[in-house]
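The values are calculated or read from the model by the stated rules, or taken from the named source; none is laboratory data. Bear in mind that the values here come from a model prediction, so they are computed numbers and not experimental data. Glycine gets a Cβ as well: all are built from the backbone with ideal geometry, and neighbour counts include every protein chain shown. When the accessible area is computed, the model is the full protein with side chains, heavy atoms only, and any ligands, DNA or RNA have been set aside. Shrake-Rupley method; radii C 1.70, N 1.55, O 1.52, S 1.80 Å.
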Amino acid sequence: MRAMVLEKSRAPLLMRERPTPAPAAGEILVEVAACGVCRTDLHVVDGELPNPKLPLIPGHEIVGRVAVLGEEVAGLAVGERIGVPWLGYTCGVCSYCRSGRENLCDRPLFTGYTRDGGYATHALADARYCFPLPERRDDAEIAPFLCAGLIGWRSYRMAGARGQGGYAEGASPDALGLYGFGAAAHILAQIAAWQGRRVYAFTRRGDTAAQVFAKSLGAVWAGGSDEMPPEPLDAAIIFAPVGGLVPLALKAVKKGGRVVCGGIHMSDIPSFPYRLLWEERHVVSVANLTRADAREFLDVVPQAGVKTEVTRYPLAAANDALADLREGRLQGAAVLIP
């Protein structure tokens, strides 16, 4: 198999030839058809997330087909199209797993971080954390759903939106702000607009192309992240890894409003006056996802008619894709094709 490998943090990925691995009990070998390039991959490569498995094959938005089934795997078949997400393993016995909060597991493994991922022609995956995918969509177009879509959906639920499962926290967000209009926001904006929310998109100051893009996907307003929206927000979700956006979002939400930090890494949040938090405003973070989140999100996507904007790169150009994401040169999502 061929793989783009991170051998040292803050260094370019290197193309390597490796033996194709055999799946252990409970695992499958996936022939990778596409792998999305996520901002979390940047945090891993740039050394912003601690203690990655090294050497490491990054990538956790994997679309592919089952090539080999390990022993004790049930419910999947060779040749079946599946998706592999960020959360790649949980222990199943800690208090979080036993209380339905497997996303907070004490002993998890993460695809493309603490276990090898999908910047490769093949990848191993825990069969319990693979999701059957429909055949009717292009591989590259589906790949961003496996993290950008899933974490966007969980963030949306944390912001107060009620899904099919019924659970939610806070009031339903009729006016929703999205800070950072990248892969996750461009998916979530379509779902929120389809559900009748008023979506306000916040981009880098002066990024008129991103603002036009946001409006084309249903946003009723788009402006710079330093601007105030035309009405107070019920909730705001911050996808950009910029801690300085937290006080700005708090200022934009109404009394009782909620600010959700949707990333796994964020720069330090600056101090801000208590009056921005007062009147029962909330700041919460999102960690990973549950398999229930994934199943619900993948059911909603076809109903909402979600389309993804993707830029395709060959596997060998993974460093170029990461650089384009790092420098804000992408609209939508980047996807590697082996």
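The helix-based estimate of mean residue ellipticity at 222 nm for the chain, built from -39,500 (n - 2.57) per DSSP H run of four or more residues and divided by its residue count, is -6500 deg cm²/dmol to the nearest 500.
For segment 1-114, report the accessible area per residue in Å² (1.4 Å probe, heavy atoms, rounded to an integer).
Details: 4970 Å² over 114 residues.
Here the residues of segment 1-114 average 44 Å² of exposed surface.
Evaluating kT/(6 pi eta Rh) at 10 °C and 1.306 mPa s, with the Kirkwood radius of the chain over Cα pairs in the Stokes-Einstein relation, gives 79 µm² s⁻¹. Listed by chain and number, the lysines whose alpha-carbon sits under 17 Å from that of residue 215, ignoring those within fewer than 8 places in the same chain, are 307. Each residue, residue 71 and residue 2, gets one label point 7 Å from its Cα in the Cβ direction; the gap between the two is 3.4 nm.
Residue 105 sits with roughly 10 Å² accessible to a 1.4 Å probe, with DNA, RNA and ligands left out of the calculation. By a 1.4 Å probe calculation restricted to protein chains, residue 7 has an accessible surface near 90 Å², given to the nearest 10.
Taking all protein chains as shown and a probe of 1.4 angstrom, residue 93 keeps an accessible surface of around 90 Å².
Within the accessible area of the chain, what % is carbon and sulfur when the probe is 1.4 Å and the other protein chains stay in place?
On the way: 7200 of 14080 Å².
For the chain, the apolar C and S fraction of the accessible surface comes to 51 percent.
Solvent exposure of segment 203-338 amounts to 48 Å² per residue of accessible area, where only protein heavy atoms count and the probe is 1.4 Å.
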